[in-house]
Amino acid sequence: MAALFLAPSCGFGLEEASTGAQTPEETRAQYWEEAKKLPLAPGWDWPPRTPEGVGILDSDPDDGAGNTYGPGYGRGWANDYWFCSWQRRLLEDDLRPAERTEALRMAKKIRETPRYKHFVDEDGRRQYEDMLAEAELGDLSTLRSDFRVSCSQRHR
């Protein structure tokens, strides 16, 4: 089941790819612009550099030199990091009911993000919906599997 949730992590720029390409600098700027809009779960901070998985490391100015990225790639990765923060929050064992409700409310905001709207296909959106519906019913097994596959290596 966990392998199914690799799909939402793929396909950045599906609908936007035909509108041109961005440099690593433009993609990094887009990432940080999107990050400013997204409140992370308690205990999470935006990393000082773009996450390694973005493929546009800030630590080496030559990293990604000559590469181009589809428009929206930076936004998609910021949305990914944000969603992972709320997934992890939902997986905390000691959450009070009000905290769990708030974490689920925030995780459901994935639907409002460019990642959900543009960077995953219909199957990916359905996977998000199924995972969130199960979480609402108290079953966190799919969410836990997805976090393990999609988030833990890149974001913690």
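If we scan region 138-153, do we find a residue that is open to solvent by 40 Å² or more (accessible area, probe 1.4 Å) and on the phi > 0 side of the Ramachandran plot? Quick ask: steps written out before the conclusion?
Applying the first criterion (open to solvent by 40 Å² or more (accessible area, probe 1.4 Å)) to region 138-153 yields 138-139, 141, 144, 148-149, 153.
The next check asks that each one be on the phi > 0 side of the Ramachandran plot; those that pass are 138.
For region 138-153, residues open to solvent by 40 Å² or more (accessible area, probe 1.4 Å) and on the phi > 0 side of the Ramachandran plot: present.
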Task: Subset of region 106-132 [in a helix (DSSP H, G or I), open to solvent by 50 Å² or more (accessible area, probe 1.4 Å) and farther than 17 Å from Phe147 by Cα] - done: Arg111, Glu112, Lys117, His118, Glu122, Asp123
Task: Qualifying positions in region 72-94 - open to solvent by 20 Å² or more (accessible area, probe 1.4 Å) and in contact with an Asp or Glu (Cβ under 9 Å, 6 or more places away or on another chain) - done: Tyr73, Arg75, Arg89, Glu92
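May I ask you to say which residue of Tyr128, Tyr116 is at pLDDT 95 or above, over 18 Å from Tyr73 (Cα atoms), under 12 Å from the mean Cα position of the chain (by Cα) and not β-branched (Val, Ile, Thr)? Full working, then the answer.
Numbers: Tyr116 fails: over 18 Å from Tyr73 (Cα atoms).
The conditions single out Tyr128.
The values are calculated or read from the model by the stated rules, or taken from the named source; none is laboratory data. Just so you know, these numbers come straight off a predicted model, no measurement behind them. Glycine gets a Cβ as well: all are built from the backbone with ideal geometry, and neighbour counts include every protein chain shown. In case anyone asks, the SASA skips ligands and DNA or RNA and just uses the protein heavy atoms, side chains included. Shrake-Rupley method; radii C 1.70, N 1.55, O 1.52, S 1.80 Å.
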